[in-house]
Amino acid sequence: MPKNETPPRPSWRPTVIGKRYAVACGHYLAATAAVRVLERGGNAVDAGVTAAMALAVLQPDIVSFSGVAPTLVYRKKDRSVHSLAGLGWWPQSTDIERLRSEGHGVVPDGLLRTVMPAAPATHVEALLQFGTISFEEAAAAAHEIARDGFAAYPVFVRHLEKFQDKYRRWPSSADLYLPGGRTPRIGEIFRQQQLARSIAGMMQAERNAAGDRAAKLRAARDYYYKGPIAEGIAAFHREHRGFVTRDDLAAFTVPVEKSISCTYKSHQIHSCDTWCQGISLLQALKTLETVDLAALGHNTPAYIHMTGEALNLAFADREAYVGDPRFVDVPVPGMLSAEYAAAQRARIDIGKAFGTLPLPGRPPGATRDAFVPVLSSYPAAAPGAALDTIYCCVVDADGNAYSATLSDNARDTPVIPSLGGTVSSRGAQGRLEPGHPAEVKPGKRPRLTPAPALALDNGEFVMGFGTPGGDVQTQAMLQVYLNITEFGMSVQQAIEEPRFGTFIFPNSFSPHAIGKFNVESRVPESTLAALKNLGHPVQSWSALTPAAGAVCAIRRDAETGWLHAGADPRREAYAIAW
C-alpha cells in the first residue's frame, strides 16, 4: 500500500467513544433528546425513557406509543439489574373461540389482537422507581416531535409504501399514515397532532396533581389508564366489538421484577423473564460456551453452522416450554444449566444440519410435556423478516444503564382516533393451539419477541445491547456479542459485519409461517454453497438488509472505563457519546 493511502476501514461508521455518557438508539433525534436530558443532569433512566417515548413517535409504523416496552435497568450503586415487565395481557373478556373463528385458527388481524398497552405504564414506573425527572420533562421531546412533525426518512417511507393496502383497511389509519391519500415522500414532514394532544393531556394531569413527585407521576399514568384516554380506547372497542374495557385498563400494572440470567465465561448476561424470548439468547450462549469459536473462524461455514444449530435448539425449546411464567411453569434453571447445555451441544452434528426444527430437549426440572409443533400444519414464509420494533440503550456518568426494546406495528390494527395511534397488537404473538406455552388465555401475556439484554462482569456493567426484527432479534444480538467478545471487534465493526438468521420454526407472528436459513449476500458464495451442502435451507438476504436487525450497543472498556457505542446502518439508528 502506498504510504499516503488511507488503510481500509473496519467499519463505515466510527465507534463513538466518550467518558461521561453514551446513547445508542434507533433514530438520531431520539438520541439527541436523550443527550439533552443527560446534559441537564438526568440519569440513564431519565434519558432512556425520554428516548423511548420519542422513538415511538419517530417510527410510529412499527413502534406504538401505546405498545410494549420490555426494559432492563442496571443500578450502579448496588450493582443490581431490574426488569420492568412492559408487556400487556389479554383482556378479561377475550373470546378464544371467536379468535379461532375469525382468524381461521390463528389470531386475526384487527382490533381483536389488542392486549393492554404497556409502554406508558412502563415509562412512568421506570421514572418512579429509578429516575429523577418529571413525566413532562421526559415526554417533552415526544410531544414536540408529534406536534411539529419529523422529516420522513427512507425506512419509514418504504415501510408505509410496502403496507399501504393494510393501512387503507381502516379510515382512521389511512387518515394518519396516508395523508392526502398517499404515502409521505422522503423529506416531507409527518405530523401526529392527536397523539400530541394525548401526550399533552398526560403532561397537564401531572402538572395539575397535588402532592409529591410520585403522586404527580401517578396522575400522568392515571390520565391514560383511568381517564380520558382509557375512555376513548374502551369506547372504540365497544363500538367495534373489541375486547378491551375500562376495567381492563384501570387494573393494568407493570411489575418490577428480577431479570433472568446466565453465565457466559466471565460475563453474566441478563434478559427479561420468559414472557419474552430473551431466554433463547441465553440458551444459545450456554450451548456455545465451551466451543472454541475463534478457532472455527469468523463467519466461516463451520462457525455459521455451529452457531445456527445452537439457535435452532434454543428455538425448539422456546416453542416447547416458553410462555408467561404466571401461567406456565418454565424450567428456567434447568434450561440455563451447564449440564443441559452440554447435552444440547452433543446433539449438534458438525457435518450435517438439522435442516428442520429439531425436537426439543428435556431440561432438568421440566414439569410439563413439551409442546412439539406439527410443522406441516404451518404455512411457508415469504422472503424477509419482521421489521417491527426499535431499541434504546443509555449509560450515564455514574455507571447506570438503561436497555429497552420498544415495539408494536400500526399496520395490523386500527388507529384509535381519540388516542392518535394504535394500541398494542401483540396478541399476534399468542397461539391458539391447545397446550402451547403461548396459548391465549384472558389475563395472560403473549410471548414477546422484543428482548433487551445487559452483560455484567462481577457485577460491573459491561454492555447493553438489543435490536428490532422479530425472531431475528436474539440471533443478531448473539452475533454482535460474539463478534466483540470472541473476535475482538470494535462495537461498530461488530454491528456492521454480515449476519445470518435461522427461521426453520413457526414464526412468532400470526400466522406463524416457517422460513429458511437466511445469510447476507456479503458472505462469500463458497460459504453459502458449503452451508447448503451441510443441509441448511439457505436463502440469501441483500447486503445490509433491515431484515437482519438493527443492533445498537454500548460497551464499557474495562481498562479505561470509557464507553464505546455503536448503531446499525441497516436502519436509522445512531449513537452519541461525550
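Just add up the charged neighbours of PHE252: K/R +1, D/E -1, any other residue whose Cβ is under 13 Å from the Cβ of PHE252.
Values: positive: ARG221, LYS226, ARG246, ARG445; negative: GLU125, ASP222, ASP247, ASP248.
Once all neighbours under 13 Å are counted, the net charge is 0.
How much length, in nm to one decimal, is gained on full extension between VAL372 and ALA200, taken as 0.36 nm per residue of separation minus their Cα-Cα distance? Display every interim value, and only then the final one.
Values: separation 172, 0.36 × 172 = 61.92 nm, distance 4.79 nm.
Additional length available on full extension: 57.1 nm.
Net charge of the neighbourhood of VAL124, taken over other residues with C-beta under 15 Å away and scored Lys/Arg +1, Asp/Glu -1, is -1. Taking a straight Cα-Cα cut-off under 12 Å and skipping sequence neighbours fewer than 8 places away in the same chain, the aspartates and glutamates within cross-link reach of LYS162 are ASP61. For the peptides 73-81, 473-481, 44-52, residues were scored by their other Cβ atoms within 10 Å and the scores averaged per peptide; the highest-first order is 44-52, 473-481, 73-81. Could you calculate, for the chain, the ratio of the Cα radius of gyration to the Kirkwood radius, expressed as Rg to Rh? When Rh is taken as the Kirkwood radius, the ratio is 0.95. Only helices enter this figure: runs of n ≥ 4 DSSP H residues, each worth -39500 (n - 2.57), summed and divided by the residues of the chain, yield -10500 deg cm²/dmol at 222 nm to the nearest 500. Label-to-label distance for ARG169 and LYS77 is 4.9 nm, based on points extended 7 Å past Cα in the beta-carbon direction. Distance between the pseudo-spin-label points of ILE350 and ILE189 (7 Å out from Cα toward the beta carbon): 6.2 nm.
Extending 7 Å from Cα along the Cβ direction at THR32 and again at SER101 yields two label points whose distance is 5.2 nm. Remark: the LEU359-ALA397 segment gains 9.0 nm on full extension, using 0.36 nm per residue and subtracting the alpha carbon distance.
Across every direction, the projection of the convex hull enclosing the Cα atoms of region 365-442 has a mean area of 10.5 nm².
Carbon and sulfur atoms: what percent of the 1.4 Å accessible area of region 469-578 do they account for?
Within region 469-578, the accessible surface is 53 percent carbon and sulfur.
Once backbone amide H atoms are built at 1.01 Å from N, ARG570 has no partners under 5 Å, excluding neighbours fewer than 5 places away on the same chain. Ordering 402-411, 423-432, 169-178, 366-375 by mean Cβ neighbour count within 10 Å, with the highest value first, yields 402-411, 423-432, 169-178, 366-375. For region 470-482, putting each phi into the Karplus relation 6.51 cos²θ - 1.76 cosθ + 1.60 with θ = phi - 60° gives couplings of x, 6, 7, 4, 5, 6, 5, 4, 4, 5, 5, 4, 5 Hz, in residue order, rounded to whole numbers and with x for Gly and Pro. Sorting SER376, SER418 by solvent-accessible area of protein heavy atoms yields SER376, SER418, largest first, with a 1.4 Å probe.
Sort 102-113, 482-493, 388-399, 523-534 by the packing proxy (mean of other Cβ within 10 Å over each peptide's residues), most packed first. Write out the running numbers ahead of the final one.
Values: 102-113: 19.1, 482-493: 20.6, 388-399: 26.9, 523-534: 15.9.
With the highest mean Cβ count within 10 Å placed first, the list reads 388-399, 482-493, 102-113, 523-534.
Size descriptors for region 372-508: radius of gyration and Dmax over Cα atoms are 17.8, 53 Å.
A simple rule links phi to the HN-Hα coupling: the Karplus curve 6.51 cos²θ - 1.76 cosθ + 1.60 with θ = phi - 60°, which for region 96-103 gives 5, 5, 5, 4, 4, 5, 6, x Hz, with x for Gly and Pro. So if I take the centroid of the Cα atoms in region 39-55 and the same for region 186-208, what is the distance between those two points in Å? About 17 Å separates the Cα centre of region 39-55 from the one of region 186-208.
Structure note, pairs LYS19/LYS77; LYS226/LYS441; LYS265/LYS532; LYS166/LYS226: Cα-Cα distances above 22 angstrom occur for LYS226/LYS441; LYS265/LYS532; LYS166/LYS226.
What's the local net charge at GLU339, with K and R +1, D and E -1, over the other residues with C-beta under 15 Å away?
Working: positive: LYS286, ARG345, ARG347, ARG362; negative: GLU289, ASP317.
Once positives and negatives cancel, what remains is +2.
Which of the aspartates and glutamates could a cross-linker bridge to LYS216, judged by Cα under 20 Å and excluding same-chain residues fewer than eight apart? Hits, sequence-local ones excluded: ASP46, GLU125, GLU136, GLU137, GLU206.
So what's region 113-152 giving for Cα Rg divided by 2.2 N^0.38 Å, two decimals?
Region 113-152 yields a ratio of 1.44.
The values are calculated or read from the model by the stated rules, or taken from the named source; none is laboratory data. Model, not experiment: these values are computed from the prediction. Counting neighbours? That spans all protein chains shown, and the Cβs are built from the backbone with ideal geometry, glycine included. When the accessible area is computed, the model is the full protein with side chains, heavy atoms only, and any ligands, DNA or RNA have been set aside. Shrake-Rupley method; radii C 1.70, N 1.55, O 1.52, S 1.80 Å.
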